[in-house]
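What follows is a set of notes on a single structure, which appears directly below.
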Amino acid sequence: MPTKKGFNSIGQLVQFCLSSNEDPTQDQVKEALFYVRQVIALIIGIVAGFYNLTGIATIIGFVMIQMGFAYYYTYRFLQADEEKIEVTEIYLEGFPVSFGEFMLSWILVYTATQ
């Protein structure tokens with residue numbers, strides 16, 4: 001079953017996300033970044049919940065980690081061309097969904113550990 005932007009299988013997507021030796025297209029980078037951001041948001045939310053972190057500082061920390069990670073993953077790890085993919089596209093790709101996932105996992109884990 002092909003995913004929405006061109007990977008033929010989940011295995012192909014995972015292989016692309018974990019490798020840095022291909023010449024990625026803009027659609028491939030965006031799709032990989034979308035799914036990797038979801039995993040990172042889930043991990044950060046669970047960790048923040050277990051450590052009982054609260055307040056706006058946790059949210060700002062999440063946003064800073066997500067933005068820094070998106071830039072590093074796209075331009076350093078996947079070695080995408082900065083001229084083909086704009087930085088604003090990278091920062092916004094999948095951010096609202098990952099923010100919601102972070103909030104949900106953070107609140108659920110925090111509530112469960114109290």
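The values are calculated or read from the model by the stated rules, or taken from the named source; none is laboratory data. None of the values given here were measured: they were computed from a predicted structure. Note: ideal-geometry Cβ built from the backbone for every residue, glycine included; neighbour counts use all protein chains shown. Surface accessibility is based on the protein's heavy atoms, side chains included, excluding ligands, DNA and RNA. Shrake-Rupley method; radii C 1.70, N 1.55, O 1.52, S 1.80 Å.
Below is a table of values for the structure above.
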read-out	value
All positions within segment 20-39 that are open to solvent by 40 Å² or more (accessible area, probe 1.4 Å) and not hydroxyl-bearing (Ser, Thr, Tyr)	21, 22, 23, 26, 27, 28, 34, 39
Number of the condition not met by residue 49 [criteria: (1) open to solvent by less than 50 Å² (accessible area, probe 1.4 Å); (2) out of contact with any Phe, Trp or Tyr (no Cβ under 7 Å at 6 or more places or on another chain)]	(2)
Residue 42 being aliphatic (A, V, I, L, M) and over 29 Å from residue 111 (Cα atoms)	no
Test: residue 53 is of a type in the set (A, V, I, L, M), modelled with pLDDT of 85 or more and under 18 Å from the mean Cα position of the chain (by Cα)	no
Residue within segment 40-63 that is without any contact (Cβ under 8 Å) to a residue 12 or more places away in the chain and either aromatic (Phe, Trp, Tyr) or touching a Lys or Arg at 6+ places or on another chain (Cβ under 9 Å) (or both) present	yes
Single match in 33, 53, 108, 104 (criterion: within 27 Å of residue 8 (Cα to Cα) and either touching a helix residue (DSSP H, G or I) at 6+ places or on another chain (Cβ under 8 Å) or not polar (S, T, N, Q) (or both))	33
